[in-house]
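Chemist: Below: one structure in structure tokens.
The values are calculated or read from the model by the stated rules, or taken from the named source; none is laboratory data. All values reported here derive from a predicted model rather than from experimental measurement. Glycine gets a Cβ as well: all are built from the backbone with ideal geometry, and neighbour counts include every protein chain shown.
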Amino acid sequence: MVPTESSNGSGNLFALYRDMVRIRLAEERLAALFADGAVPGFIHLSIGQEAVAVGVVSALNPDDTVASNHRGHGHALAKGLDLSAFYLELLGKDEGLCRGRGGSMHVADLSKGMLGANGIVGAGMSIAVGSALAHKSLANGQVAVVFFGDGALGEGLLHESINLAKILGLPVLFVCENNGWSEFSATSEQISFNLESLAAGYGLSYSCVAGNDVRKVANAAGKQVAEIRAHSAPSVLECKTLRVRGHFEGDAQKYRTMDGAEVDDHDPLLVAARALRAEGVSDEDLAEARRLVDIEIGQAVEDAKKGSPPSFADALIDVYAQQAGA
Amino acid sequence: MEVINYGRSLNNALSDAMADDSRVVVMGEDIGAAGGPFGVTRGLLDKFGADRVIDTPISEAAIVGAATGAAMSGLKPVVEIMFMDFSTLAMDAIVNQAAKAHFMFGGQRPVPLVVRTPHGGGLNAGPQHSQCLEAWFAHIPGLKVVCPSSAANAYGLLRAAIDDPNPVIFVEHKGLYAKKAELDDSRSSQIIGKAALAREGSDATIVSYGATVNTAIEAAELLVEKGIEVEIVDLQSIQPWDRDAVVDSVKKTNRLIVAHEAVEAFGVGAEIAATIADIGFDYLDAPIVRVGAAFMPVPFAASLELGYSPNAGDIVSAVRRTLE
């Protein structure tokens, strides 16, 4: 029997698993399209980090807001962005989420609380803090989340943003996806402190989870988001995870060796699948979930290929927003 | 008839905008309890409370970044950056985030945000507290840049900036805050992108903005003694700037001088001169002359700063060059 989404326990884990499969297959398809030259520009894949995006977003309401980073496909899809519109954007089409003006590093859907991937390391920090400021000011009960990598720990804006959120008492969750890599360099060689001590220094509560175990991420995020919503105080969640691909697609990763067994041990999809099997979910159920997602993605990619080229005239008009009623 | 200074005019604009729209919040360093380093936000904290008049740490990057996120999430923030020189610390938020969000996200939502900041010298404040950096911002697609020249247009331009759905860099001049004007209606609104005629004349056109409009008026008075009547176009808005108003004036005078306090090289004057040389060439009887500061950091010592800043004499010389 395929577990239902609404039930707790394995049912909930099954839904989380399916959401992770969706991100994984979407990015694998993207990698293939990129290799074929169908995706222009740079793409940064989050393969291996899906549990952070899915686990954290599972703790949010649809109107909560998320600021992301250059490795943002997972956050966008977890937040419910339309898969066809996502591919249309990455292929540079007019029907894309951003009408072909942003691409991979700027996927956004403000109507779904997704405030954008971001090409500037650390920039999402202050955007999420500002979004939280709006939530507090409008008393709408919403929470803002920012996903940032350990590479962003060296950015001054990160420190300014955490301090500002604390001083103003803003409802924001700072989620560090610690994959150990700052682009092409080991973070351990670049950062002299750890996030726990930083959080303590700024007076923020902090927790750390095995970031490739989606259930653990969901539980930790759930607790922290509830606290934030109740008390409008920021906190930090560190998720230890694994970047399986290079910094960007095409990165030969000569600076690192990868242990295949370690990757399998920590692959968030395999971790979740093992837990589901232990709870009695069959291999057939897991394969069926994958098959359905694969069909959905295949359809979205086909839709995207049929997209129209973006309008230059419309792009020029949109450099500025027009005054309402003008 | 009301006599009001530039700072009070801006204060009225903030206060009225906040009263009219609860989404308007002001944020910045020492703007609440301290009333702002130049007093522009004085009294707002008492009127509107700490949730809408937000004192922040000294964190320019995070302040403007947060204002951008807040604008994307339903507020209309008005940020104060204490000196325009400090905007360098907030450049990512202004240039990469706020300026691009509407375009880059496919026109999903406007990002209504105002960054108020004082530029300009005259206070011997030295190289890091005196610069006029407006040309940088005017160079960025997605930003508007507004620069009022007196208490008369400060109110209306700030109201327009707050009403605008785009990020607006609102440039004030430190030397103007205490300067008073006598006004019929101190609370009339303006349109961003429309210039005003500060003086009518037929012999040459001086285009300027901000405090330099006053310097141009001084120059005009000196030129009257020599029988020369200049027209002065106060741009009020630098991005967009009112080409029609400048062309109309040049059609009448056939001579153009552009004067500003910012360094002359690669500045607003260069843009205007190049544009008018293109679209207004047939109306010109003389080369366009720019008047701007020397290509050096703003110096501290009074004698050096006097030499650095364009004065009325420099503008007079420039006008005379076009009439030779």
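Chemist: Looking only at the range B:126-145, count every residue that is part of a loop (DSSP other than H, G, I, E, B) and either within 15 Å of the chain's Cα centre (by Cα) or within 12 Å of chain A (Cβ to nearest Cβ) (or both) and tell me the total. Let's see the steps before the verdict.
Modeler: The first filter runs over the range B:126-145 and keeps only residues part of a loop (DSSP other than H, G, I, E, B), leaving B:126-133, B:139-143.
Right, trim to either within 15 Å of the chain's Cα centre (by Cα) or within 12 Å of chain A (Cβ to nearest Cβ) (or both) and you get B:130-133, B:139-143.
Result for the range B:126-145: 9.
Chemist: Can you tell me which residues in the range B:96-124 are part of a helix (DSSP H, G or I) and either in contact (Cβ under 8 Å) with a residue 60 or more places away in the chain or touching a Leu at 6+ places or on another chain (Cβ under 8 Å) (or both)?
Modeler: Step one: list which residues in the range B:96-124 are part of a helix (DSSP H, G or I), which gives B:96-104.
Scanning the range B:96-124 gives B:A98, B:A99, B:H102.
Chemist: Identify the residue in the range A:132-148 that is surrounded by 24 or more Cβ atoms within 10 Å (Cβ to Cβ) and farther than 15 Å from A:S235 by Cα and, among all such residues, is nearest to the other protein chains (Cβ to nearest Cβ).
Modeler: A:A134
Chemist: Among the numbered criteria (1) within 23 Å of B:D234 (Cα to Cα); (2) among the aliphatic types (A, V, I, L, M); (3) away from chain A (no Cβ under 14 Å), which single criterion is violated by B:A161?
Modeler: (3)
Chemist: Of all residues in the range A:179-197, which are in contact with a strand residue (DSSP E or B) (Cβ under 8 Å, 6 or more places away or on another chain) and at pLDDT 95 or above?
Modeler: Listed by number, the residues that qualify are A:L195, A:E196.
Chemist: List pairs: first residue in the range A:29-56 and of a type in the set (F, W, Y), second residue at pLDDT below 95 anywhere in the structure, Cβ distance under 6 angstrom, at least six positions apart or on different chains.
Modeler: A:F34/A:I43; A:F34/A:E249; A:F42/A:F248
Chemist: Further question: So how many residues does the range B:25-77 have that are of a type in the set (K, R) and either at positive phi or within 8 Å of chain A (Cβ to nearest Cβ) (or both)?
Modeler: So the count comes out to 1.
Chemist: Just checking, how many residues over the range B:109-136 are crowded, with 20+ Cβ neighbours inside 10 Å and under 13 Å from A:V319 (Cα atoms)?
Modeler: Qualifying residue count for the region: 2.
Chemist: So A:E288 clears everything in (1) in contact (Cβ under 8 Å) with a residue 24 or more places away in the chain; (2) surrounded by 14 or more Cβ atoms within 10 Å (Cβ to Cβ); (3) outside any loop (DSSP other than H, G, I, E, B); (4) not aromatic (F, W, Y) except one condition, right? Which one?
Modeler: (2)
Chemist: Given the condition in contact with a Leu (Cβ under 7 Å, 6 or more places away or on another chain), surrounded by fewer than 22 Cβ atoms within 10 Å (Cβ to Cβ) and either under 17 Å from B:T205 (Cβ atoms) or without any contact (Cβ under 8 Å) to a residue 12 or more places away in the chain (or both), answer yes or no: does some residue in the range B:244-254 qualify?
Modeler: For the range B:244-254, residues in contact with a Leu (Cβ under 7 Å, 6 or more places away or on another chain), surrounded by fewer than 22 Cβ atoms within 10 Å (Cβ to Cβ) and either under 17 Å from B:T205 (Cβ atoms) or without any contact (Cβ under 8 Å) to a residue 12 or more places away in the chain (or both): present.
Chemist: Same structure, new question: Look at B:I58 and say whether it is at pLDDT 95 or above, surrounded by fewer than 19 Cβ atoms within 10 Å (Cβ to Cβ) and under 24 Å from the mean Cα position of the chain (by Cα).
Modeler: Spelling it out, B:I58 is indeed at pLDDT 95 or above, surrounded by fewer than 19 Cβ atoms within 10 Å (Cβ to Cβ) and under 24 Å from the mean Cα position of the chain (by Cα).
Chemist: Checking the condition touching a helix residue (DSSP H, G or I) at 6+ places or on another chain (Cβ under 9 Å), closer than 18 Å to A:E28 by Cβ and among the hydrophobic types (A, V, I, L, M, F, W, C), which residue from A:V293, A:V319, A:V281 passes? Outline the logic, then answer.
Modeler: On the way: A:V319 fails: closer than 18 Å to A:E28 by Cβ; A:V281 fails: closer than 18 Å to A:E28 by Cβ.
Unique residue meeting the criteria: A:V293.
Chemist: List pairs: first in the range A:78-100 and within 10 Å of another protein chain (Cβ to nearest Cβ) and closer than 20 Å to A:V319 by Cβ, second surrounded by 22 or more Cβ atoms within 10 Å (Cβ to Cβ) and β-branched (V, I, T), Cβ under 6 Å, 6+ apart or cross-chain?
Modeler: Here the result reads A:E89/A:V107; A:L97/A:V107, each pair linking the range A:78-100 to a residue that is surrounded by 22 or more Cβ atoms within 10 Å (Cβ to Cβ) and β-branched (V, I, T).
Chemist: Here's something else I'd like to know. Find the residue count for the range A:236-274, including only residues that are over 30 Å from A:L204 (Cβ atoms) and in a helix (DSSP H, G or I).
Modeler: Residues meeting the conditions: 10.
Chemist: Identify all residues within the range A:101-131 that are in contact with a strand residue (DSSP E or B) (Cβ under 9 Å, 6 or more places away or on another chain), at the interface with chain B (Cβ under 9 Å from one of its Cβ atoms) and surrounded by fewer than 22 Cβ atoms within 10 Å (Cβ to Cβ); write none if there are none.
Modeler: Within the range A:101-131, just A:L110 meets the criteria.
Chemist: May I pose another question? Filter the range A:164-184 down to the residues that are farther than 22 Å from A:H73 by Cα and surrounded by fewer than 20 Cβ atoms within 10 Å (Cβ to Cβ), then identify the one that is nearest to the other protein chains (Cβ to nearest Cβ).
Modeler: So, considering only residues that are farther than 22 Å from A:H73 by Cα and surrounded by fewer than 20 Cβ atoms within 10 Å (Cβ to Cβ), the one nearest to the other protein chains (Cβ to nearest Cβ) is A:I167.
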